[in-house]
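Read the structure below first, then the notes.
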Amino acid sequence: MAAKTLGALIFDVIEREPLIKNSANSSSRISLEKAINFKDVTFKYPTSLPEHKPVLIDATFSIKAGQATAIVGPSGSGKSTIVQLIERFYDPRSGQVDFDGFDIKNLDIKTLRENIGYVSQEPVLIMGTIRDNLLYGNKDATKEECIEALKMANAGFVQDQEDGMDTFVGTAGIMNMSGGQKQRIAIARALIKKPKILILDEATSALDPKSELEV
């Protein structure tokens, strides 16, 4: 009986239809030469209770291409929500998020996310070597591109390892890696994608001030 119940739960997950899906005429061409635009965006999480207020109400702003933008505010003010809307983990209740005037609801989801590099405050490394983690960001990256990404992330410590990029980091990077080293590898992994959009969610929090400034 228990196995039958668990099996039903497993198939429920497998057969679940995602709410976020491609439109019938989704485009795989992403233009981001001008700006990411939020136009009158109102958003409330699906799990919110009826009495809960929306996280964003009529939010309107633009992030210009090539521009570094800091989103600052207290807990619950919508910082993470803005990121999740850009990545299209959710859709607005009303309003529109667009790239150069093109609604992201009409973009191919896989292509959209392939063009976004994301580094969280607590980055997770995959089990394997430093090289494996970099190639997870871009499987076609050359050795030279890996080295360049590590330099950009101020991860010079890699060359001091006996095995260099072939150093094994263990499960989730818990072996032989400090928090700051894990973050720098995660930053390099995001940079090696050469993404149109780079999102750093307090990604330098574990770095010392000198390394943070260099990164």
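Mind listing just one residue for me: the one in the stretch 101-131 that is of a type in the set (Gly, Ala, Ser) and under 30 Å from Asn37 (Cα atoms) and, of those, surrounded by the fewest Cβ atoms within 10 Å (Cβ to Cβ)? So that I can check it myself, show each step before the final result.
To start, the set of residues in the stretch 101-131 that are of a type in the set (Gly, Ala, Ser) comprises 101, 117, 120, 128.
Still in the list and also under 30 Å from Asn37 (Cα atoms): 101, 117, 120.
Values: Gly101: 11, Gly117: 21, Ser120: 16.
Applying the filter and picking the extreme gives Gly101.
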Task: Among (1) touching a residue at least 24 places away in the same chain (Cβ under 8 Å); (2) under 30 Å from Ile185 (Cβ atoms); (3) outside any loop (DSSP other than H, G, I, E, B), the one test that Gln96 misses - done: (2)
TODO: Run Lys4 past the list (1) assigned to a helix (DSSP H, G or I); (2) surrounded by 10 or more Cβ atoms within 10 Å (Cβ to Cβ) and report the number of the one that doesn't hold.
DONE: (2)
Open item on the list: With the requirement that a residue be within 24 Å of Asp100 (Cα to Cα), exposed (fewer than 13 other Cβ atoms within 10 Å of the Cβ) and among the hydroxyl-bearing types (Ser, Thr, Tyr), what does the stretch 42-63 give you?
Closed with: Thr60
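Is there a residue in the stretch 17-39 that is assigned to a helix (DSSP H, G or I), assigned by TED's automatic domain parsing to the domain that holds Ile109 and in contact with an Asp or Glu (Cβ under 9 Å, 6 or more places away or on another chain)? Walk me through how you get there before you give the answer.
Our first condition is that a residue be assigned to a helix (DSSP H, G or I); within the stretch 17-39, this holds for none.
No: the stretch 17-39 contains no residue that is assigned to a helix (DSSP H, G or I), assigned by TED's automatic domain parsing to the domain that holds Ile109 and in contact with an Asp or Glu (Cβ under 9 Å, 6 or more places away or on another chain).
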TODO: Scan the stretch 64-86 residue by residue and report those that are surrounded by 17 or more Cβ atoms within 10 Å (Cβ to Cβ) and either part of a loop (DSSP other than H, G, I, E, B) or in contact with a helix residue (DSSP H, G or I) (Cβ under 7 Å, 6 or more places away or on another chain) (or both).
DONE: Gly78
Open item on the list: For the list (1) out of contact with any strand residue (DSSP E or B) (no Cβ under 7 Å at 6 or more places or on another chain); (2) touching a residue at least 24 places away in the same chain (Cβ under 8 Å); (3) closer than 16 Å to Arg184 by Cα, I need the number of the one condition that Glu122 fails.
Closed with: (2)
TODO: Could you tell me whether the stretch 136-149 includes any residue that is in a loop (DSSP other than H, G, I, E, B), out of contact with any strand residue (DSSP E or B) (no Cβ under 8 Å at 6 or more places or on another chain) and either closer than 23 Å to Thr81 by Cα or of a type in the set (Gly, Ala, Ser) (or both)?
DONE: yes
Task: the stretch 132-161 - residue that is farther than 30 Å from Ala65 by Cα and of a type outside the set (S, T, N, Q) and, of those, surrounded by the fewest Cβ atoms within 10 Å (Cβ to Cβ) - done: Asp160
Open item on the list: Give me the residue from the stretch 187-208 that is out of contact with any Leu (no Cβ under 6 Å at 6 or more places or on another chain) and under 20 Å from Lys34 (Cα atoms) and, out of that set, surrounded by the fewest Cβ atoms within 10 Å (Cβ to Cβ).
Closed with: Lys194
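The values are calculated or read from the model by the stated rules, or taken from the named source; none is laboratory data. No experiment lies behind these values; they were computed from the predicted model shown. With ideal geometry, Cβ positions are generated from the backbone for all residues, glycine too; neighbour counts draw on all protein chains shown.
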